[in-house]
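S.K.: Pasting in a structure now, in structure tokens, and then I'll have a few things to ask.
The values are calculated or read from the model by the stated rules, or taken from the named source; none is laboratory data. Not measured: the values here are computed from a predicted model. Virtual Cβ from ideal backbone geometry, glycine too; neighbours counted across all protein chains shown.
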Amino acid sequence: MKVLLVSPATPDTFWSYKHVLPFVAKKAAFPPLGLLTVAALLPPEWELKVVDLDVRALADDDIEWADYVLLSAMMIHEKSVREVAARCAGRGKAVIAGGPLFTTSPERFSEIPHLVVGEAEELMDQICRDMLAGTLRPLYRCHERPSLANTPLPRWDLIDFRDYATMSVQHSRGCPFNCEFCDIVEIYGRVPRLKSTQQMIGELDALVNAGWRGSVFIVDDNFIGHKRRAKDLLRAIIDWRARRGVNLSFTTEASLNLVDDPELIDLLVQAGVKKVFIGLETPQESSLAECAKTQNMGRDLVADVKTLQAAGIEVLGGFILGFDTDSGTIFERQLRFIQESGVVTAMVGLLTALPQTRLFARLKQEGRILSESTGNNVEAVLNFVPKLDRQVLVEGYRNLVKHLYSPQMYYARALTFLRQYRPRGPRAPVRWSDVRALLHSIWTMGVWTNGRREYWKFMLRSLLFHPRQFVEAATLAILGHHFRIVAARL
């Protein structure tokens, strides 16, 4: 059996990092982890080929080679998915599609002959038998939430590490919180399911044995959803680092109640976790109550962020505009909140009613749903009728994002972060690729593009007043280039 596994193209969005990649000579930010895991569930004797459309184009010969085409996608990939499916149909190749895009909206893809709804671990044996027999069903649905104990090592051998800026691993699925706008609890549940510590160390070993020495993104929906198990893993990673003598750095996602556990913070730092994405959402308490973001309520959010920064963790923040309780003052409040907290990487999006969420159900009952969501966090599109005037909300959002990522505001926010940030834990050595990225940034931002003066002021101030954080400063400057381009297109 010859199986082609296709990862669709990611559009130019906040998290694509497309305008950062040339600085580090990479083709894509992250590998298609879900697809590589599905590949590991296929019989080992089958011939497999992965085509990541963020890395290279899909050739007609790729499609002709395959007996079947497997396609995995998230909501952001819909346009690319439909293009790939049409090309395969035109050549008479059966497509089997799975992933969050199809799990939340299977009814929208009648042109795809075979859909997998839910998680694949307990379905793949049957799907493989049906592939061999030529008796594939139109729909496969996982009614349970499978244990991750039998989730195999991803097939890292099917990709070229040199194409990617960061590798990805997954420790858990699910989140114990129940934010109204979030689809994680609908797709993966509120009881976190986890791989064992031994599994995770095995995955890290496999990455290192295959030659990876860069950063690793632990892509959990909430890494600290099960705090005790998270701590067990972090202790194991600390021991593993010492035993293997490797110096990987990690990024992950977590809820803000991380701040309440100093031991957990210390373990994250000692394990080499440098960045944590946190849904901060809004400084407005009534909006937090509206969306049931209880873990953020009754707190000094700015102080919480600064606590993590002072401990040696950079906070990447998610922010939302468009709650029913938002008024015309929310734009200035969000701007002040983000600048004061020093959250340099601030992903601000308009509220979106995602399929199957409690928010979607409520707004549909109220007759306020207008369309499906695109899944693009920074697209200035509302798929529901807001309480705040629509034009005011959209224009206020555009202006806020453009202001946040103007050179003056961005570098000021970065300096706020550097003043608070105290690097701790293991430090990765400076490599030639880092020097090359710095030289590229000097030419691109210091000579070629607008904002040159602000760039040089920022770099000189960082070097003079924050020399221990200069690597982080140079990295932030490069990231700002990407964010400004994305913001300018709003």
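S.K.: Just one of (1) more than 24 Å from the chain's Cα centre (by Cα); (2) without any contact (Cβ under 8 Å) to a residue 40 or more places away in the chain trips up V117, so point out which.
M.R.: (1)
S.K.: Please pick out the residue among P106, P154 that is on the phi < 0 side of the Ramachandran plot and under 19 Å from the mean Cα position of the chain (by Cα). Full working, then the answer.
M.R.: Numbers: P106 fails: under 19 Å from the mean Cα position of the chain (by Cα).
Only one candidate passes the filter, namely P154.
S.K.: Only one of these is among the hydroxyl-bearing types (S, T, Y), farther than 30 Å from M200 by Cα and crowded, with 21+ Cβ neighbours inside 10 Å: T252, T325, T282, T329. Name it.
M.R.: Working: T252 fails: farther than 30 Å from M200 by Cα; T325 fails: crowded, with 21+ Cβ neighbours inside 10 Å; T329 fails: crowded, with 21+ Cβ neighbours inside 10 Å.
Among T252, T325, T282, T329, only T282 is among the hydroxyl-bearing types (S, T, Y), farther than 30 Å from M200 by Cα and crowded, with 21+ Cβ neighbours inside 10 Å.
S.K.: If you take the residues of segment 156-207 that are among the hydroxyl-bearing types (S, T, Y) and over 23 Å from K27 (Cβ atoms), which of them is surrounded by the fewest Cβ atoms within 10 Å (Cβ to Cβ)?
M.R.: So, considering only residues that are among the hydroxyl-bearing types (S, T, Y) and over 23 Å from K27 (Cβ atoms), the one surrounded by the fewest Cβ atoms within 10 Å (Cβ to Cβ) is S196.
S.K.: Another question, if that's okay. Considering only residues that are within 23 Å of M409 (Cβ to Cβ), assigned to a loop (DSSP other than H, G, I, E, B) and free of Cβ contacts under 8 Å to residues at least 60 places away in the same chain, which ones fall in segment 420-460?
M.R.: Within segment 420-460, T449, N450, G451 meet the criteria.
S.K.: Now for a different question. Among the residues of segment 328-349, count how many are more than 17 Å from the chain's Cα centre (by Cα) and either closer than 24 Å to S373 by Cβ or not assigned by TED's automatic domain parsing to the domain that holds E180 (or both). Give the derivation first.
M.R.: Of the residues in segment 328-349, the ones more than 17 Å from the chain's Cα centre (by Cα) are 328-342.
Among the residues that remain, those that are also either closer than 24 Å to S373 by Cβ or not assigned by TED's automatic domain parsing to the domain that holds E180 (or both) are: 330-331, 334, 338.
Within segment 328-349, residues that are more than 17 Å from the chain's Cα centre (by Cα) and either closer than 24 Å to S373 by Cβ or not assigned by TED's automatic domain parsing to the domain that holds E180 (or both) number 4.
S.K.: Considering only residues that are among the acidic types (D, E) and crowded, with 19+ Cβ neighbours inside 10 Å, which ones fall in segment 103-127?
M.R.: Those that are among the acidic types (D, E) and crowded, with 19+ Cβ neighbours inside 10 Å: E119, E121.
S.K.: If I filter segment 400-433 down to residues being in contact with a helix residue (DSSP H, G or I) (Cβ under 7 Å, 6 or more places away or on another chain) and over 30 Å from L490 (Cβ atoms), which single residue comes out as surrounded by the most Cβ atoms within 10 Å (Cβ to Cβ)?
M.R.: Per the criteria, the residue is G425.
S.K.: Take A380 and tell me if it is touching a strand residue (DSSP E or B) at 6+ places or on another chain (Cβ under 8 Å), surrounded by fewer than 19 Cβ atoms within 10 Å (Cβ to Cβ), under 26 Å from V216 (Cα atoms) and not polar (S, T, N, Q).
M.R.: Details: touching a strand residue (DSSP E or B) at 6+ places or on another chain (Cβ under 8 Å): yes; surrounded by fewer than 19 Cβ atoms within 10 Å (Cβ to Cβ): yes; under 26 Å from V216 (Cα atoms): no; not polar (S, T, N, Q): yes.
So A380 fails the test.
S.K.: If I go through segment 107-154 residue by residue, how many of them are part of a helix (DSSP H, G or I) and at pLDDT 95 or above?
M.R.: Filtering segment 107-154 down to residues part of a helix (DSSP H, G or I) leaves 107-108, 124-133.
Pick out the ones that are also at pLDDT 95 or above and you get 124-133.
So the count comes out to 10.
S.K.: Something else: Considering only residues that are among the hydrophobic types (A, V, I, L, M, F, W, C) and assigned to a helix (DSSP H, G or I), look in segment 337-373 and name the one that is surrounded by the fewest Cβ atoms within 10 Å (Cβ to Cβ). Walk me through how you get there before you give the answer.
M.R.: Keep residues of segment 337-373 that are among the hydrophobic types (A, V, I, L, M, F, W, C), which gives 337-338, 343-344, 346-348, 350-351, 353-354, 359-361, 363, 369-370.
If we keep only those that are assigned to a helix (DSSP H, G or I) too, we end up with 337-338, 359-361, 363.
On the way: F337: 21, I338: 24, L359: 23, F360: 24, A361: 15, L363: 21.
Residue satisfying both the conditions and the ranking: A361.
S.K.: Residues of segment 348-382 being of a type in the set (G, A, S) and over 30 Å from R484 (Cβ atoms), which ones?
M.R.: Residues of segment 348-382 that are of a type in the set (G, A, S), as a first pass: 349, 353, 361, 367, 371, 373, 375, 380.
Residues satisfying the conditions are A361, G367.
S.K.: Provide a single number: the residues in segment 374-393 that are of a type in the set (A, V, I, L, M) and not in a loop (DSSP other than H, G, I, E, B). Working first, answer last.
M.R.: The initial filter retains those residues of segment 374-393 that are of a type in the set (A, V, I, L, M), namely 378, 380-382, 385, 388, 392-393.
From what's left, not in a loop (DSSP other than H, G, I, E, B): 392-393.
Matching residues across segment 374-393 total 2.
S.K.: Please go through segment 127-148 and give me each residue that is over 22 Å from T104 (Cβ atoms) and without any contact (Cβ under 8 Å) to a residue 40 or more places away in the chain, ordered by number.
M.R.: Hits for segment 127-148 are R129, D130, A133, G134, T135.
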